[in-house]
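Student: This structure is in structure tokens; I'll ask about it shortly.
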Amino acid sequence: MSDKDMSEKTLFDYNDVFADIVNLYFALSGINRRVKPEELQNIRSRSIYKFGDDLHEQERDIVKLWKPEGIAICLIGLENQTDIDPDMPLRIFGYEGADYRGQLTDKENAPYFVLTIVLYYGTERRWTAPKNLFDRLNVPQEFRPFVNDCRVNVVELAWLTDEQAKMLGNDAYVVIDYLRQVRTKKHYDVPEEAEIKHVDELLKLLYAMTKEHKFEKVRQTLPEGENTMKYVKSFFEIEREAGRAEGLAEGLAKEIANLKEIAQRLLAEGMPPEKVAAITNLSDFSK
């Protein structure tokens, strides 16, 4: 599993970030419901299926049971996709089939429906792959009333409007704002202000997505145990200050090296050390 995949799972596995994503999808789809973080329960994301004589394991990215007032309503899965995958309907059918099969042994909860949301991170092209099983398999119209379909609920993150993106909490907003800027401007300007709850995980994801070392440098210079920052600007100021200090130190080192070189030339021409020290303001002429 890549660093980016791991970082996506780590950040979006937090109940508050997960709820923000689901609520955005509900709003985009006209569903008048909201998920609260405390209503979410983690569920095992791995399942086993048999193909031929062999057993295989399949793993969802993130899956949680939504239980408002303690009553299981829905199992919600998030699938992260960087690339367009024409086989997504087949994958989701397999995931959801295993989820329904698992309910046969669930003694605690009554049967509940399963909803899968695909988060598409692509910035070059919109999602063009089939969004249901019928289209992926080219099921003829006369057979469709008798064949079970499976739809793919795709959220094209980089194509959300700013108004839509701002419906999210700030952690998810920063990620989506990055994707939107890369799509429209081909570069990323850090937003001035945004309250961040999961700083470490957000910076790991931004670094995995961009490979820009400033994100990793900021993460490494955060105070130990600090995982909340009021403003994005405040923790990027750490990187700016470190860069300024590093630049000043490099400049001073170069200046001293130049003065020592001048001192050595003056000494070589026979100038007394006392006069050289007065001119260069150095007491140590060693290289």
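The values are calculated or read from the model by the stated rules, or taken from the named source; none is laboratory data. These numbers were taken from a predicted model, which means no experiment stands behind them. Cβ placement follows ideal geometry from the backbone for every residue including glycine, while neighbour counts extend to all protein chains displayed. Calculation scope for accessible area: heavy atoms of the full protein, side chains included, ligands and nucleic acids excluded. Shrake-Rupley method; radii C 1.70, N 1.55, O 1.52, S 1.80 Å.
Student: When Asp177 is evaluated against the numbered criteria (1) acidic (Asp, Glu); (2) at pLDDT 85 or above; (3) in contact with an Asp or Glu (Cβ under 9 Å, 6 or more places away or on another chain); (4) open to solvent by 30 Å² or more (accessible area, probe 1.4 Å), which criterion, by number, is the only one it fails?
Tutor: Among (1) acidic (Asp, Glu); (2) at pLDDT 85 or above; (3) in contact with an Asp or Glu (Cβ under 9 Å, 6 or more places away or on another chain); (4) open to solvent by 30 Å² or more (accessible area, probe 1.4 Å), Asp177 violates only (4).
Student: Another question, then. Do you know which residues across the stretch 142-161 are assigned to a helix (DSSP H, G or I) and open to solvent by 50 Å² or more (accessible area, probe 1.4 Å)?
Tutor: Residues satisfying the conditions are Glu142, Phe143, Arg144, Pro145, Phe146, Trp159.
Student: Hey, another quick one. From Val118, Val139, which residue is of a type in the set (Val, Ile, Thr) and either assigned to a strand (DSSP E or B) or in contact with a Ser or Thr (Cβ under 8 Å, 6 or more places away or on another chain) (or both)?
Tutor: Matching residue, one of Val118, Val139: Val118.
Student: Further question on the same structure: Kindly provide the set of residues from the stretch 105-114 that are modelled with pLDDT under 90 and either open to solvent by 100 Å² or more (accessible area, probe 1.4 Å) or in a helix (DSSP H, G or I) (or both), ordered by number.
Tutor: Thr105, Lys107, Glu108
Student: Kindly indicate which of Leu202, Leu259, Leu266 is at negative phi, part of a helix (DSSP H, G or I), modelled with pLDDT of 70 or more and touching a strand residue (DSSP E or B) at 6+ places or on another chain (Cβ under 7 Å).
Tutor: The conditions single out Leu202.
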